[in-house]
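To keep things clear, I will list the structure first and then write my remarks on it.
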Amino acid sequence: VQLQASGGGLVQTGGSLRLSCAASRRTFSNNGVGWFRRAPGKEREFVAGINWKGQSIVYGDSVKGRFTISRDNAKNAVYLQMNSLKPEDTAVYYCAAARGPYASSSGSAYNYWGQGTLVTVSS
């Protein structure tokens, strides 16, 4: 499966963005999907994950209460709604499809990765 992340951009502190992750070549409706991010000079960080049915969701501590992950299997897409953005949210955001139906905070659980979309939050 090939993943394409989009929706990044420049936003002011307190603003919102909605990222999209679209799958091509085959469906990822049977896979857990996660969002990760990598800020300049920092290690990759887990942001959010959703299981194949959208029933089980997990968030990284730094985004809880501000970000919402969702999926639309009919459209073969996963979304990340980001509200109350902070400068520390600035990073390249990646979506990834897991090997199985569940998401994980560990990057090793994922074998398909999108190319990333840049989110910049200005202060």
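The values are calculated or read from the model by the stated rules, or taken from the named source; none is laboratory data. Not measured: the values here are computed from a predicted model. Virtual Cβ from ideal backbone geometry, glycine too; neighbours counted across all protein chains shown. The area values use the complete protein model at the heavy-atom level, side chains included, leaving out ligands, DNA and RNA. Shrake-Rupley method; radii C 1.70, N 1.55, O 1.52, S 1.80 Å.
Of all residues in the range 84-97, how many are in a loop (DSSP other than H, G, I, E, B) and open to solvent by less than 10 Å² (accessible area, probe 1.4 Å)? The number of residues fulfilling the criteria is 1. Of the numbered criteria (1) surrounded by 14 or more Cβ atoms within 10 Å (Cβ to Cβ); (2) under 25 Å from residue 123 (Cβ atoms), the one residue 109 fails is (2).
Set side by side, the residues 65, 54, 100 differ, and just one is open to solvent by 50 Å² or more (accessible area, probe 1.4 Å), part of a loop (DSSP other than H, G, I, E, B) and not charged (D, E, K, R), which is 65. Restricting the range 3-16 to residues that are of a type in the set (A, V, I, L, M) and over 12 Å from the mean Cα position of the chain (by Cα) leaves a set whose member that is surrounded by the most Cβ atoms within 10 Å (Cβ to Cβ) is 11. Comparison of 81, 115 shows that the only residue that is surrounded by fewer than 16 Cβ atoms within 10 Å (Cβ to Cβ), touching a residue at least 60 places away in the same chain (Cβ under 8 Å) and in a strand (DSSP E or B) is 81. Considering every residue within the range 105-115, establish whether at least one is under 19 Å from residue 20 (Cβ atoms) and in contact with a Ser or Thr (Cβ under 6 Å, 6 or more places away or on another chain). No, the range 105-115 contains no residue that is under 19 Å from residue 20 (Cβ atoms) and in contact with a Ser or Thr (Cβ under 6 Å, 6 or more places away or on another chain). With respect to the conditions (1) farther than 15 Å from residue 117 by Cα; (2) assigned to a strand (DSSP E or B); (3) touching a residue at least 40 places away in the same chain (Cβ under 8 Å), residue 30 lacks only one, and its number is (2). Checking each residue of the range 42-50 against the condition of being acidic (Asp, Glu) and more than 18 Å from residue 17 (Cβ to Cβ) gives at least one match. Could you tell me how many of the residues in the range 22-43 are surrounded by 18 or more Cβ atoms within 10 Å (Cβ to Cβ), of a type in the set (A, V, I, L, M, F, W, C) and modelled with pLDDT of 95 or more? Total meeting the criteria: 3.
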